[in-house]
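Down below is the structure, laid out as structure tokens.
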Amino acid sequence: MLADAVDLLACPHCGAGLELDTPESTAAELVCERGHTFDVARQGYVSLLPGSAGKIVGDSADMVAARGDFLDSGHYDPLMSAVADAVAESPAVGRVLDVGVGTGHYLARILDTSTETTGLGIDVSKAAARRAARAHPRIASVVADVWQQLPVRAGVIDVVTSVFSPRNTAELRRVLRDDGRLVVLTPTEHHLEELVGALGLVRVDSEKNRRLGDSMAGVFERVSRRPVTFTVSMDHRAIEGVVAMGPSARHISPAERSDQIRSLPDPFAVTVSVVIGVYVVVR
Ligand SMILES: C[S@@+](CC[C@H](N)C(=O)[O-])C[C@H]1O[C@@H](n2cnc3c(N)ncnc32)[C@H](O)[C@@H]1O
Ligand SMILES: [Zn+2]
């Protein structure tokens, strides 16, 4: 719930702390001491974008729905467990921020593992924020853009997680405590490779991990690196879901995609291959 995490948030206009106000006549809102106000949506999330999201478009409602169905199917449960395990090993886990939270499945798994944790989920997509707000009672869900200053106070977060999501190194450092941890899950070039080959999906760029290292240099230092690789037997429905939630969803019409998928064996063996890196702040 938003109320649990209000003391972590900062006004996107002036940086002051926010308070939850529940005027009798209107819906709840967050207010800063200079009077900037932000309506809490009926669905329990709040948008703290300073203006409009501009050109930054997060996942569409269809992509979020596809992701939710796919993650409910359990195929990525080992990934959720591996992220939750990496978080649980951190020195403190009271306040976890998941950037690019999506449906909230990963953050909910973390909160299930650790009953003392408050979860803050940030995503630029309203559809994702709506979904994340109901993913777990201890999730506070906020719409914000990771490429702008995050509406989060400095040094208040114990662990930041970034799962298949964009990262802004400087901002993640700012919101983390000095002894905080950053847990990053990135796909390797083998991730979903059978589908990439058969359906011509957007390929994971093999330079990506090198670039990730470069963007962290001098700010974060990696303390562990865990590859997680396994094979999933996906039926056509699961394949439809994994394609519809990914970066290829915008490149081809759903009808054409369904035709391609129908030509695959059912079920089809697909490799899941990611790396979970755990980082500490460079002192
Ligand atoms: C590939 S999805 C991963 C979602 C979730 N972490 C998961 O693995 O299920 C990437 C997420 O990042 C969000 N996103 C993309 N650009 C963003 C930005 N600039 N600021 C915040 N979130 C962003 C998308 O809306 C989407 O929910
Ligand atoms: Zn303000």
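We did not get these values from a lab; they are worked out from the coordinates using the rules stated. None of the values given here were measured: they were computed from a predicted structure. Cβ: placed from backbone, ideal geometry, glycine included. Neighbour counts: every protein chain shown.
Other residues within the sphere of radius under 13 Å centred on the Cβ of A88, judged by their own Cβ, net out at -3 (K and R +1, D and E -1).
Close amide H pairs (under 5 Å, H built 1.01 Å from N) link V101 with I122, D123, residues at least 5 positions away or on another chain.
A simple spin-label model places pseudo-atoms 7 Å from Cα toward Cβ; at R134 and S60 they are separated by 2.2 nm.
Around D158, under 15 Å between beta carbons, what's the net of Lys plus Arg minus Asp minus Glu among the other residues? Residues near D158 contribute 0 overall.
Taking a ≥ b ≥ c as the square roots of the eigenvalues of the Cα gyration tensor, the stretch 49-183 is classed as oblate, since a/c reaches at least 1.5 and a/b does not exceed b/c.
Annotation for D235 and D21: the two label points, set 7 Å from Cα along the Cα-Cβ direction, are 5.2 nm apart.
Spin-label model, D85/D4: points 7 Å from Cα along the beta carbon direction are separated by 2.4 nm. Magnitude of the charge dipole for the chain, about its Cα centre and with charges confined to Cβ atoms of Lys, Arg (+1) and Asp, Glu (-1), is about 540 debye.
Three principal axis extents of the chain based on alpha-carbon atoms, in descending order, are 59, 46, 35 Å.
For R153, the residues whose amide H sits under 5 Å from its own are L9, A10, ignoring neighbours fewer than 5 places away on the same chain, with H placed 1.01 Å from N.
Gain on full extension, evaluated as 0.36 nm per residue between V282 and H251 minus their Cα-Cα distance, stands at 7.2 nm.
A simple rule links phi to the HN-Hα coupling: the Karplus curve 6.51 cos²θ - 1.76 cosθ + 1.60 with θ = phi - 60°, which for the stretch 129-136 gives 4, 4, 5, 4, 4, 9, 6, 6 Hz, with x for Gly and Pro. Applying the criteria of a DSSP loop state and at most 16 other Cβ atoms within 10 Å to the trypsin sites (Lys or Arg not before Pro) of the stretch 1-95 yields R34, R42, K55.
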